[in-house]
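The values are calculated or read from the model by the stated rules, or taken from the named source; none is laboratory data. Everything numeric in this text was worked out from a predicted model, so none of it was measured. Quick reminder, even Gly has a Cβ in these numbers, built from the backbone with ideal geometry, and neighbours come from all protein chains shown. Areas reflect the complete protein model, heavy atoms only, side chains present, ligands, DNA and RNA absent. Shrake-Rupley method; radii C 1.70, N 1.55, O 1.52, S 1.80 Å.
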Amino acid sequence: MEYASRSARHAPAPAVPLTAGFSLGVLLLRMMLGIIMIAHGTQKLFGWFDGPGLDGTAKGFESWGYPAPKVMAVVAGLSEALGGAGLFLGLLTPLAAAAVLGTMVNALGVTWEGGFLLPKGVEFTLLVAVSAAALALTGPGRYAADAHLPLVRHHRLSYGIGAIILALVVGAVFLLIRD
């Protein structure tokens, strides 16, 4: 009977090589979702792209019953802009996806009664949320900044699951503190 050494038993499983098609598909998804979220975040923060800016966004948060609406506007704007930038670059992808997903949890919470289809429905918000969750689970693919960072070079499913749990918990907390 052979015995594996302690280090051999606890060594991480070898990474499955990513195909070029998978990595290119994930790159397209990351870049498009990243651009969309950067645009939405900068609308909130700076009023770019015909956005409401901080004051207009704060009024929306106030109408939805959030305390400290200006702070909430900054948090939402930064979560979207920085989460989007992280997704676009493939930088700290699970955390970037968590930032986007947590924001979408709140967007769903305040707009759910508008129905499913646009113009007042949640279909777009759901698509963004599910896309962010999918990227948290799959990782950024090989064409990403994460491929050059030692701790996240090899994406693990546990990173994605942890990011999704973080996003859902933080998103739920923000929903619960509303009036």
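Quick check for me: using +1 on Lys/Arg Cβ and -1 on Asp/Glu Cβ, what's the dipole size of the chain about its Cα centre, in debye to the nearest 20? Present the calculation step by step, with values, prior to reporting the outcome.
On the way: 11 positive and 9 negative charges, 101 e Å.
It comes to approximately 480 debye.
In the chain, which longest range has no trypsin sites (Lys or Arg not before Pro) that are both DSSP loop (not H, G, I, E or B) and surrounded by at most 14 other Cβ atoms within 10 Å? Spell out each step's value before the answer.
Numbers: sites that count: Lys120, Arg153, Arg156, Arg178.
The longest such stretch corresponds to 1-119.
When only C-alpha pairs under 8 Å and at least 6 residues apart count, what is the relative contact order of segment 109-179, in percent?
Relative CO of segment 109-179 lands at 22 percent.
How do Leu135, Leu175 rank by accessible surface area computed with a 1.4 Å probe, from largest to smallest?
Details: Leu135 0, Leu175 45 Å².
Descending order: Leu175, Leu135.
Using Cα atoms only, what is the angle between the long axis of helix 69-89 and the major principal axis of the chain, expressed in degrees (0 to 90) to the nearest 10?
Value to nearest ten degrees: 40.
Report the longest stretch of the chain that contains none of the chymotrypsin sites (Phe, Trp or Tyr not before Pro) sitting in a DSSP loop with at most 12 other Cβ atoms within 10 Å. Present the calculation step by step, with values, prior to reporting the outcome.
Values: sites that count: Tyr3, Phe49, Phe116.
It runs 50-115.
Could you tell me what percent of the accessible area of the chain is made up of carbon and sulfur, with a 1.4 Å probe and every protein chain present?
On the way: 7500 of 10430 Å².
Accessible surface attributable to carbon and sulfur in the chain totals 72 percent.
Given a 1.4 Å probe, how much area per residue of segment 77-148 is accessible, in Å²?
Values: 3170 Å² over 72 residues.
With all protein chains present, segment 77-148 gives 44 Å² per residue.
Need the list of aspartates and glutamates near Lys44 for cross-linking: C-alpha distance under 15 angstrom, and skip anything on the same chain fewer than eight residues off.
Asp55, Glu62, Glu80
Given a 10 angstrom Cα cut-off, can you work out which residue in Ala20, Ala144, Ala163 is the most mobile in a GNM of the chain?
Result for the chain, Cα springs under 10 Å: Ala20 fluctuates most.
Which one is right for this structure if volume of the Cα convex hull per residue in Å³ is calculated from it: [x] 152; [y] 115; [z] 160?
Working out volume of the Cα convex hull per residue in Å³ from the coordinates points to [x].
For the chain, find the longest principal axis of its Cα atoms and tell me its angle to the long axis of helix 53-63, 0 to 90°, nearest 10.
80
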